[in-house]
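Working notes for the structure below.
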There are 2 protein chains.
Amino acid sequence: MGKEKVAIVGSGNWGSAIARLAGMNTKKHPDVFDDSRVAVWVYEEEFEGKKLTEVINSEHENRKYLPGVKLEDNVVAIPDLKEAVKDATALIFVTPHQFLGKALDSLEGNVRKDAKAISLIKGVDVHGDDIHIFADVIEQRLGIPCSALSGANIANEVARDTFSETTIGYRNKEDGELWLKLFQTPNFKVQLIEDVAGVSLCGALKNIVAVAAGFVDGLGYGSNSKAAIMRIGLLEMKHFCQEFFTDVKEESFLQESAGVSDVITSCLAGRNYKVAAAFVGANKSFDQLESEMLNGQKLQGIHTAKDVHNFLNAKNRSRAYPLFDKVYQIAWEGVPVEQLTEGL
Amino acid sequence: MGKEKVAIVGSGNWGSAIARLAGMNTKKHPDVFDDSRVAVWVYEEEFEGKKLTEVINSEHENRKYLPGVKLEDNVVAIPDLKEAVKDATALIFVTPHQFLGKALDSLEGNVRKDAKAISLIKGVDVHGDDIHIFADVIEQRLGIPCSALSGANIANEVARDTFSETTIGYRNKEDGELWLKLFQTPNFKVQLIEDVAGVSLCGALKNIVAVAAGFVDGLGYGSNSKAAIMRIGLLEMKHFCQEFFTDVKEESFLQESAGVSDVITSCLAGRNYKVAAAFVGANKSFDQLESEMLNGQKLQGIHTAKDVHNFLNAKNRSRAYPLFDKVYQIAWEGVPVEQLTEGL
C-alpha cells in the first residue's frame, strides 16, 4: 500500500489546530503518511490586505483563526477545494456544518475510491422527521467510509498543547487506528470506540447544553444549578440517541471524552456558552452577538437546538426533551430566559 | 404512629442550610413531622462575644457558618448532644467526618430504637485494608437504619434557593420517602435511589477529584484539561466502588446528582477545589491555607485522599487508581504538582 495523503477540508479555529497536529504526526510517522504535504482547503478571504492562503503559506500560521500558533511547514493552504483533495486518501472534514453541503457538491465524484474520511463537524442534518449525522452524509455522498472525532477540545487549548483527551468513533478498527496515529500526541490522548453515531451526536447535542449553561451563568444562578443543567442535558443527549439511532453506546455519553468531558469544557469555556451567557439581559439577538463576539466564527448551539426542535416536533416528541425544548423556546421564540428551569 | 421528631447533628455551613430546609418542611408537613421543634446540636463556641447557640436561637441565623440566611423559628440550637437527640426519631448526621466518632460515643445507647438516620457526612472510615461508609458506621453503632444524601449542593447556593438537585440513597423505600419529604422544595429536587453505598462514596471521593481540578486551575491548564481530569476522576470513583463494595449502582456515579453533578459543582466552586488551586505556587501547607481561607470550615479532599491511599496501599491496588494516587502524592508526599497528568 502507498502512503496516506492527508487533506483537511476547513481551516477555522479547530481546523487549524487539527492541521497543526496532522503536520507534526505525518512527520513523526513517515512510514504511514506522505509527510511532504498536508493539504488544507481554505475558504479564501482577505486578511490585513492579503489573501488568507498566502498569509498561512508564508507565515505558517492561520493569523485570522488561530493567531500565535505555528504550523509545520508541510501544511499547505489551498483555495481550490478540488485541488486540495486531489489524490488524498485521508480526508478530514472540519467546516461549520452550514458549509458542508456545498463542499460535497463539488467533491462528489472527485475523491479517490480508496479514500477514507473523518468528520469533526458539529451538528445534525434534519429534513422533516428524518435525521442524519454528517459522517453518514459524507459516507453516502462520497462513497467512502467516514469516522468521527469529538471530545473536550477547546481549539485554542489543544493548540497550546495542554493535556486534553478526545474520542474517535470508527466503523472499522483499521481506520480508527490510522486516525489515532494522525492526531494523538503525548498531551492529546485519543480514545477509540466503535460508535460513529454516538460520537457525532455528542459533538452536536452538547452545544445545546452549553447554551443552557450559558443562560444559567447569565442569570447568576451559581454552580449547583449549572451542574444540574449539565446532568439533565447529558441525559437528554443519551436518551435522544438511544431513541432515534440504533447501536449507540451508552458509554460514549457517560464515560468518554466526547460525552461527559465535552459537555463540561463546552459549558465552562466554549463559544456557545459564552454567547448564551452574554445574551441574558443584553437585549441583542444571537446574530448580533455572534458578529460582535466571535471574530467570524459561527455559533452552533442555537442552530442545532432549532434543527433538533424541528425534528422532535415532526416526531411529536418535544415534550420528552424539556431542556432541549426550553433552549429552543428561549433562543428562537422569545420565551423569557428565567423560565429555563421550570418543568425540568 | 406518632409524628417524626427531627434532630440534626452538626451545624456548619451545610448543616445550617439543611436546618433551613427541615424547618420549612416540618411546617409544610405537620401531619408527618412534629413541627414545633427541629433540634440542632451545635458544637458550642464563642462568636462575637456570645455563645453561638444563643446567637442562633435569638437571631434565627447561624451567623458564623451561614450568615445572611434566616432559619425558621422552630429550629433550636442545643449545645448538649444527648439533649439534642433525646426523643428524636429522624436523625440527620452532618458533622465533619473527623468529629463523628466522638459524637457516636456519646449517642450509643441513647437514641430511640425506632429512630432512623441519614448521613450527609463526606468521607470514608478506613482501618488497614478495611473500609466503611459512615452510614454503615452509624447503623452499626446505633442499631438504626441509615440512609445517605449527597448531591451537587454548594451549601450557600442551596441556602439562597437557586435551582439544585440532590440524591438520597435509601435501604428501604419508606425511609427514602420520609427524607424526601423533609428536604425537597420546588427548587431543591430530590432523587431517590436504592444505593446507600454509591451515594455515600460519591460524596467522599468527589472531593479527591475536586482537589485535582483545583491543581489544574492553579496550573493554568485550561478547561480541556480540567474536563479530562474530572472524567478520569469520575471513572476512578466508579471503579473503586465496584471493586470494593457490592451492589453499588453504576448510575449513581454517571447519572445522578450525587455523581456527575456533584463532581462538576465541586470542581467549579467547592472549598476543596478552591484551596487546592491556591496551593499551587503558594509555598504554604494545606493546614495553613485551610485556616486562612475557610473561616473554621474543614478541608476534606486531602484527608479522603490519604484515607483512600492507605486503604489502597494495604490492598496493594494504588496503581489501579493513578489520579487518586497522584493527588495523595502531591498533597502529602511533596511530589511537584506539575506531575499531575503524567501517567494518566
> Measuring from a point 7 Å out along Cα→Cβ, what nm distances, shortest first, does A:Arg319 have to its partners in the other copies?
Replying inline: 5.6
> When the convex hull of the Cα atoms of chain A is projected onto a plane and the area is averaged over all directions, what value comes out in nm²?
Replying inline: 16.4 nm²
> Amide H neighbours of B:Gln255 under 5 Å, counting only residues 5+ apart in sequence or on other chains, H built in-plane at 1.01 Å?
Replying inline: B:Val260
> Nm distances between the label at B:His29 and the same-position labels in the remaining copies, 7 Å along Cα→Cβ, shortest first?
Replying inline: 5.8
> Using alpha-carbon positions, what is the distance between the centroids of region A:216-248 and region B:260-338, in Å?
Replying inline: 28 Å
> Quick one: what Rg and Dmax do you get for region B:120-255 from the alpha carbons, in Å?
Replying inline: 15.8, 49
> If you take every DSSP beta bridge whose two residues both sit in region A:1-125, what share of them, in percent to the nearest 5, is antiparallel?
Replying inline: 10 percent
> Cα convex hull of region A:136-215: mean projected area in nm², to one decimal?
Replying inline: 6.1 nm²
> Which loop-located GluC sites (Glu not before Pro) does region A:19-82 contain, where loop means any DSSP state but H, G, I, E or B and the Cβ has at most 16 other Cβ atoms within 10 Å?
Replying inline: A:Glu44, A:Glu45, A:Glu48
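For region B:179-235, what is the convex hull (Cα atoms) projected area averaged across all directions, in square nanometres?
Details: hull surface 21.4 nm².
Averaged projected hull area, Cα only: 5.3 nm².
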> Got the A:Lys3 label distances to the other copies yet, label 7 Å along Cα→Cβ, in nm, shortest first?
Replying inline: 8.3
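Go through A:Asp247, B:Asp325 and list them by solvent-accessible area, largest first, probe radius 1.4 Å. Display every interim value, and only then the final one.
Values: A:Asp247 135, B:Asp325 40 Å².
Heavy-atom accessible area, descending, gives A:Asp247, B:Asp325.
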> Which residues' amide hydrogens lie under 5 Å from the amide hydrogen of A:Gly151, considering only partners 5 or more residues apart or on another chain, with H built in the peptide plane?
Replying inline: A:Thr167
> Under a 5 Å amide H to amide H cut-off, with H placed in plane at 1.01 Å, what residues pair with B:Asp34 once short-range neighbours are removed?
Replying inline: B:Glu4, B:Lys5, B:Val6
> Closest to the B-onto-A rotation axis, which residue of chain B has its Cβ, and how many Å off the axis is it?
Replying inline: B:Leu254, 2
>> For chain B, what does the relative contact order come out to in percent, with C-alpha contacts under 8 Å and a separation of six or more?
In response: 15 percent
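Nearest 5 percent is fine: what portion of the DSSP beta bridges confined to the protein assembly as shown is antiparallel?
Values: 20 of 72 bridges.
Around 30 percent of the beta bridges assigned by DSSP in the protein assembly as shown are antiparallel ones.
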>> Give me a comma-separated list of calculated 3J(HN,Hα) values for region A:134-149, in order, Karplus coefficients 6.51, -1.76, 1.60 applied at θ = phi - 60°, integers in Hz, x for any Gly or Pro.
In response: 5, 4, 5, 4, 4, 4, 6, 6, 9, x, 10, x, 10, 8, 9, 10
> For q = 0.06, 0.08 Å⁻¹, what log10 I(q)/I(0) does the protein assembly as shown give under the Debye formula with an equal point scatterer on each alpha carbon and no solvent?
Replying inline: -0.37, -0.64
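I'd like to compare A:314-322, B:25-33, A:137-145, A:3-11: which one has the highest average count of other Cβ atoms within 10 Å, and what's the full order after that?
Working: A:314-322: 14.9, B:25-33: 16.9, A:137-145: 18.6, A:3-11: 23.8.
With the highest mean Cβ count within 10 Å placed first, the list reads A:3-11, A:137-145, B:25-33, A:314-322.
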> Mind listing the phi-derived Karplus ³J(HN,Hα) values for region B:9-21, rounded to whole Hz, using 6.51, -1.76 and 1.60 with θ = phi - 60°, and x for any glycine or proline?
Replying inline: 9, x, 8, x, 4, 6, x, 6, 5, 5, 4, 4, 5
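Kindly state, as a whole number, the per residue volume in cubic angstrom of the convex hull around the alpha carbon atoms of region A:4-193. Spell out each step's value before the answer.
On the way: hull volume 21.7 nm³, N = 190.
Considering the Cα atoms of region A:4-193, their hull volume per residue is 114 Å³.
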> So, in Å, what gap is there between the alpha-carbon centers of region A:5-33 and region A:143-164?
Replying inline: 11 Å
> Which is farthest toward the positive dipole end of the protein assembly as shown among A:Tyr221, A:Ala278, A:Ile18, measuring Cα position about the Cα centre, with Cβ charges +1 (Lys, Arg) and -1 (Asp, Glu)?
Replying inline: A:Ala278
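Rounded, prolate or oblate, given the Cα gyration tensor of region B:11-112, with a/c below 1.5 counting as rounded? Don't skip to the end; give the middle numbers.
Numbers: a/c = 1.72, a/b = 1.03, b/c = 1.66.
In terms of gyration-tensor shape, oblate.
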> Using a ≥ b ≥ c from the Cα gyration tensor of region B:177-325 (square roots of the eigenvalues), is it rounded, prolate or oblate, where a/c under 1.5 gives rounded and otherwise the larger of a/b and b/c decides, a/b for prolate?
Replying inline: oblate
> Using the alpha-carbon centroid of each, what span in Å lies between region A:44-81 and region B:57-73?
Replying inline: 61 Å
>> Just to check I understand the Karplus step: with θ = phi - 60° and J = 6.51 cos²θ - 1.76 cosθ + 1.60, what whole-Hz values come out for region A:331-340, glycine and proline as x?
In response: 6, 10, 10, x, 5, x, 5, 4, 7, 3
> Is the shape of region B:276-339 rounded, prolate or oblate, going by the alpha carbon gyration tensor and its root eigenvalues a ≥ b ≥ c, with a/c under 1.5 for rounded and a/b larger than b/c for prolate?
Replying inline: oblate
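The values are calculated or read from the model by the stated rules, or taken from the named source; none is laboratory data. Given the structure is predicted, the values throughout are model-derived calculations rather than measurements. All Cβ positions, glycine included, derive from the backbone under ideal geometry; neighbour counts span all protein chains shown. The protein model used for the area step is the full one, side chains on, heavy atoms only, and it has no ligands, DNA or RNA in it. Shrake-Rupley method; radii C 1.70, N 1.55, O 1.52, S 1.80 Å.
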